[in-house]
Amino acid sequence: MSIFNTLLSRTIELFQNHFGSPLLIVRSPGRINLIGEHTDYNLGYVLPASIDKAIYIAISKRMDDEIHLIAGDLSSLFTTRLDSLHFTDMQWPNYILGVVEQMQKMGYTLNGFNAVIAGDIPLGAGLSSSAAVECATTFALNELFTLGLSKLEMVKLSQKAENEFVGVQCGIMDQFASMFGKKDQLIRLDCRSLEYAYIPFQANEYQIVLFDTGVKHSLDSTEYNLRRQECEQGVSIIQSKYRHVSSLRDVSKLMMNDCLVSASKKIVMRCTYIVEEIERLQNACIDLLNHDFTSFGKKMFETHDGLSHLYEVSCLEADLLVALVRNNSAVVGARMMGGGFGGCTINIVKKEQTESLIHSVTKNYVNQVGRELQTYLVSIDEGTSLI
């Protein structure tokens, strides 16, 4: 039985054991981002894709105003009422409750509901399991209560749930990729206009391999929000001379050199990385359209170096994993992925050499770090949908 069928059967069985038969089931995938990290909240470009690892939610209406939730992977239960939503230290219910709160703020009337969530997105690996939960919940409630929300409205609602209820000032990329993903396609998303285009990822000879540092990925750390503040401080300084600037998307290296002379070293470093990354992504899309994976891979390594040395969101383990593959002919490109401070590195690997590479990197990682290395092979799959 496939992982998909196993997960689906387990989710349905768990729901039936507690609530009876679900009215509907929604699948919402995690995401990878090939290039363009931390550029989303700076209103630049990103290049994500939805993957074949996902969150599943089975759901049905209740006759009262209670919300009964079960996290199948955590064997955890949570109950509350529609009129008493509050942040909980249990963490996982917050991504669902935040969606409910946003719908109420928009004036929608909801009934109580029962829901079971389960999935195979590795937690803390930087694959946006939180956005997948939010998008799954939004999509399911939209269907369950016939709210008539468009995909883009659901994306914005899911992002606001994380910003306002969970308290993480994430950009829109994760939710957008989860909702709009297409099989074998990357999404070139303009995070300012929200215009997007699909870029074919015709990489039959390559395998996307994720190496998990084993370091807990936690986006609600103060460091993540601090990076956003540092970028905003840089913009504020530049705005004093260039009035039209509203984000680092509008900034060139010449403008930075002109305005950030007296700014702190940290602000200069943060802004430099973002401005370079926005330009790098646009050139990387041209590489893919030309099927030039060698040039694209070099840009992935450049992104990692910027994230590590300028944006300072990498960690020793992620730096080691990239160093272990940097000069390996089997790997065309690699970098840390996600918000940082742990999680996975993403690697584009020649298919026929995937197994030997994994063996080599795993052995070296265990020897140098003393921790087992989890490896995930992923492919680009469809976005959020009704099953």
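The values are calculated or read from the model by the stated rules, or taken from the named source; none is laboratory data. Being a predicted model, the structure only gives us computed values, none of them experimental. Reconstructed Cβ throughout: ideal geometry from the backbone, glycine too, with neighbour counts over all protein chains shown. Note: accessible area is taken over every heavy atom of the protein model, side chains too, but ligands, DNA and RNA are not part of it. Shrake-Rupley method; radii C 1.70, N 1.55, O 1.52, S 1.80 Å.
Checked against the criterion of being surrounded by fewer than 21 Cβ atoms within 10 Å (Cβ to Cβ) and modelled with pLDDT under 95, segment 99-112 contains one or more residues that satisfy it.
Say whether the condition of being more than 30 Å from Ala284 (Cβ to Cβ) and of a type in the set (Gly, Ala, Ser) is met by at least one residue in segment 36-51. Show your work before the answer.
We begin by selecting, within segment 36-51, every residue more than 30 Å from Ala284 (Cβ to Cβ); these are none.
No, segment 36-51 contains no residue that is more than 30 Å from Ala284 (Cβ to Cβ) and of a type in the set (Gly, Ala, Ser).
For segment 347-356, the criterion of being modelled with pLDDT of 95 or more, out of contact with any Lys or Arg (no Cβ under 9 Å at 6 or more places or on another chain), surrounded by fewer than 15 Cβ atoms within 10 Å (Cβ to Cβ) and hydrophobic (A, V, I, L, M, F, W, C) is met by no residue.
Considering (1) more than 28 Å from Gln91 (Cα to Cα); (2) in a loop (DSSP other than H, G, I, E, B); (3) open to solvent by 30 Å² or more (accessible area, probe 1.4 Å); (4) in contact with a helix residue (DSSP H, G or I) (Cβ under 7 Å, 6 or more places away or on another chain), the lone condition that Val245 does not fulfil carries the number (3).
Just one of (1) open to solvent by 50 Å² or more (accessible area, probe 1.4 Å); (2) part of a loop (DSSP other than H, G, I, E, B); (3) in contact (Cβ under 8 Å) with a residue 40 or more places away in the chain fails for Phe341. It is (1).
Do you know which residues across segment 248-274 are among the β-branched types (Val, Ile, Thr), open to solvent by 10 Å² or more (accessible area, probe 1.4 Å) and under 21 Å from Leu307 (Cα atoms)? Walk me through how you get there before you give the answer.
Residues of segment 248-274 among the β-branched types (Val, Ile, Thr): 251, 261, 267-268, 272, 274.
Applying the additional criterion that residues be open to solvent by 10 Å² or more (accessible area, probe 1.4 Å) yields 251, 261, 267-268, 272.
Across segment 248-274, the qualifying residues are Val251, Ile267, Val268, Thr272.
Within segment 115-136, the residues that satisfy the criterion of being assigned to a loop (DSSP other than H, G, I, E, B) and in contact with a Gly (Cβ under 7 Å, 6 or more places away or on another chain) are Ile121, Gly124, Ala125, Gly126, Leu127, Ser128. For Gln207, the conditions (1) in contact with a strand residue (DSSP E or B) (Cβ under 8 Å, 6 or more places away or on another chain); (2) on the phi > 0 side of the Ramachandran plot all hold with the exception of (2). For segment 144-167, taking the residues that are part of a loop (DSSP other than H, G, I, E, B) and free of Cβ contacts under 8 Å to residues at least 12 places away in the same chain, the one that is least open to solvent (accessible area, probe 1.4 Å) is identified as Leu149.
Out of Gly370, Gly333, Gly340, one residue alone is within 30 Å of Cys170 (Cα to Cα), modelled with pLDDT under 95 and not hydroxyl-bearing (Ser, Thr, Tyr). It is Gly340. Scan segment 326-360 for residues that are within 15 Å of the chain's Cα centre (by Cα) and of a type in the set (A, V, I, L, M) and the total you get is 3.
Here Thr80 clears all of (1) open to solvent by 20 Å² or more (accessible area, probe 1.4 Å); (2) touching a helix residue (DSSP H, G or I) at 6+ places or on another chain (Cβ under 8 Å); (3) free of Cβ contacts under 8 Å to residues at least 40 places away in the same chain except the condition numbered (1).
Name the one entry in Leu43, Leu14, Leu24, Leu34 that is out of contact with any helix residue (DSSP H, G or I) (no Cβ under 8 Å at 6 or more places or on another chain) and of a type in the set (A, V, I, L, M). Full working, then the answer.
On the way: Leu43 fails: out of contact with any helix residue (DSSP H, G or I) (no Cβ under 8 Å at 6 or more places or on another chain); Leu24 fails: out of contact with any helix residue (DSSP H, G or I) (no Cβ under 8 Å at 6 or more places or on another chain); Leu34 fails: out of contact with any helix residue (DSSP H, G or I) (no Cβ under 8 Å at 6 or more places or on another chain).
The unique qualifying residue is Leu14.
Taken together, the residues in segment 115-143 that are open to solvent by 10 Å² or more (accessible area, probe 1.4 Å), closer than 20 Å to Leu77 by Cβ and either over 22 Å from the mean Cα position of the chain (by Cα) or small (Gly, Ala, Ser) (or both) amount to 3.
Taken together, the residues in segment 83-98 that are in contact with a helix residue (DSSP H, G or I) (Cβ under 9 Å, 6 or more places away or on another chain) and surrounded by 13 or more Cβ atoms within 10 Å (Cβ to Cβ) amount to 9. If you go through segment 12-39 and keep only what is buried (at least 24 other Cβ atoms within 10 Å of the Cβ) and assigned to a loop (DSSP other than H, G, I, E, B), you end up with Leu34, Ile35, Gly36, Glu37, His38, Thr39. What residue, of Val378, Val369, Val332, is of a type in the set (Val, Ile, Thr) and open to solvent by 40 Å² or more (accessible area, probe 1.4 Å)? Going through Val378, Val369, Val332 in turn, the sole match is Val369. The residue of segment 193-237 that is surrounded by the most Cβ atoms within 10 Å (Cβ to Cβ), among those that are modelled with pLDDT of 95 or more and among the acidic types (Asp, Glu), is Glu230. None of Glu134, Glu101, Glu164 is acidic (Asp, Glu), in contact with a Leu (Cβ under 9 Å, 6 or more places away or on another chain) and within 22 Å of Gly338 (Cβ to Cβ) except Glu134.
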